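A quick write-up on the structure given underneath.
Computed from the coordinates by the stated procedures, all read-outs in this text should not be read as laboratory data. Keep in mind it's a predicted model, so treat the numbers as computed, not measured. Methodologically, a virtual Cβ is constructed for each residue, glycine included, from the backbone with ideal geometry; neighbour enumeration extends over all protein chains shown.
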Amino acid sequence: MIRNNMKFLLYILLNIYAIFSSNSLHLSTKNYPTKVFVRLELKHMTPILNTLSTYTTAKFSQANSTTKEMFASYCQKIREAQYFMNAQPEKLIYMGWIPLMNDARMIKFRDYKKPRRNDNIDIPYRKVPTYFIFIEPNYQTNTLIIQKIINNPTIDIDIDVSELKKDLVSMAKDINATLDFNPLKSFDNGRWFLILSESKMLECTQ
């Protein structure tokens, strides 16, 4: 069952990579093409979350006492993301963060680390999104409101999440936008807000 689900996820991801170069974040009049973020449409995000929900449920049922709580948490966060997405699908931009598509980062990483797990059949770990980010853009204030950050449980890789913050800041700076992390206070017990926010709001201007 897990293997069939991962084959379906592979199909989705391969379709994402086929349009990877044409997708960019649009805010105001600027485009920001980037290697470490891929923009996903609702038609991609819905089956991805459905597949990840099935995957984590199966993993939870097979988990031992040391990993059962972890997969239970994954299940909860994915369900929460599904509810949130279905409630306001037209308001959100969905991004996959693929940190190792940064060449310099990949070279440094491969010298001393490998993934502990990569259940994405036939996809190199470098090309697997490690997190999915739900962004609500406010075009009037040129603000990117970070609503949710969802771990991809199909890969276990030791990436410093400060790199995610660095990439988000870089993206916002390049489109002269502001990053608002405040909604993360009420998500995942505020863990992501504490990780990503040194203040209530980061102003990123050119």
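Here are some notes:
- Vicinal HN-Hα couplings computed from phi for region 128-144 (Karplus, 6.51 cos²θ - 1.76 cosθ + 1.60; Hz; Gly/Pro x): 8, x, 8, 9, 10, 10, 9, 10, 9, x, 10, 6, 5, 9, 6, 10, 9
- Residues in region 69-109 reached by a label modelled at GLU136 [backbone nitrogen below 12 Å; 7 Å Cα→Cβ]: 84-85, 87-93
- Taking the fewest neighbouring Cβ atoms within 10 Å as the starting point, the ordered list for VAL36, VAL169 is VAL169, VAL36.
- Per-residue ³J(HN,Hα) for region 155-172, Karplus 6.51 cos²θ - 1.76 cosθ + 1.60, θ = phi - 60°, Hz, x for Gly and Pro: 9, 10, 9, 8, 10, 5, 5, 5, 5, 5, 4, 4, 6, 5, 4, 5, 4, 5
- Ordered by the number of other Cβ atoms lying within 10 Å of each residue's own Cβ, fewest first, ARG39, ARG116, ARG79, ARG105 fall into the sequence ARG116, ARG79, ARG105, ARG39.
- Overall shape: oblate for region 60-158, with the ratio a/c of the largest to smallest alpha carbon gyration tensor axis at 1.5 or above and b/c at least equal to a/b.
- Under 5 Å, built H, 5+ apart or other chain: amide partners of PHE37: ILE98
- In this structure the amide hydrogen of ILE93, modeled in the peptide plane, comes within under 5 Å of the amide hydrogens of ILE135, GLU136, none closer than 5 places in sequence on its chain.
- Put in line by how crowded their Cβ is, counting other Cβ atoms within 10 Å and starting with the fewest, ILE195, ILE78 read ILE195, ILE78.
- Close amide H partners of LEU179, meaning residues 5 or more places away or on another chain with modelled amide H under 5 Å apart, are LEU144, LEU202, CYS204.
- 3J(HN,Hα) from dihedral phi, region 70-87, Karplus parametrisation 6.51/-1.76/1.60, rounded to Hz, x for glycine, proline: 4, 6, 5, 5, 4, 4, 5, 5, 5, 4, 4, 5, 5, 4, 5, 5, 5, 6
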